[in-house]
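To keep things clear, I will list the structure first and then write my remarks on it.
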Amino acid sequence: MIRQPSPFSRSLAIGAACALLHGMAPAAGSPPTSADARLHWDLGDLYPSADAWTAAYRKTRSAAEKIGQLKGTLGADAASMRR
């Protein structure tokens, strides 16, 4: 039987991805030059705009800041695992 990832696991994975992508946010100015293009990821397939990326980043950052509250609760009970 294949277990589905919990919402916490998904949030953690998204948080880690956003942490890695933090330095790769779209610039407010013009697109990168051809020399810089290889240093930037095209996130257009994932986010329709820079504002959408920023909103997703803020949501994930907020969730990541709450992870510390879960310290010491691993395995306490099913309810704490769902948080």
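The values are calculated or read from the model by the stated rules, or taken from the named source; none is laboratory data. Predicted, not measured: the structure shown is a model, and the values here were computed from it. Glycine gets a Cβ as well: all are built from the backbone with ideal geometry, and neighbour counts include every protein chain shown. Remember, those area values only see protein heavy atoms, side chains included, never the ligands or the DNA or RNA. Shrake-Rupley method; radii C 1.70, N 1.55, O 1.52, S 1.80 Å.
In the set ALA50, ALA25, only one residue is of a type outside the set (S, T, N, Q), open to solvent by less than 50 Å² (accessible area, probe 1.4 Å) and modelled with pLDDT of 75 or more; that residue is ALA50.
Return the total of residues in region 53-76 being open to solvent by 100 Å² or more (accessible area, probe 1.4 Å) and touching a residue at least 40 places away in the same chain (Cβ under 8 Å). Walk me through how you get there before you give the answer.
Pass one, region 53-76, residues open to solvent by 100 Å² or more (accessible area, probe 1.4 Å): 58-59, 61, 65-66, 69, 71, 74.
From what's left, touching a residue at least 40 places away in the same chain (Cβ under 8 Å): 61.
Qualifying residue count, region 53-76: 1.
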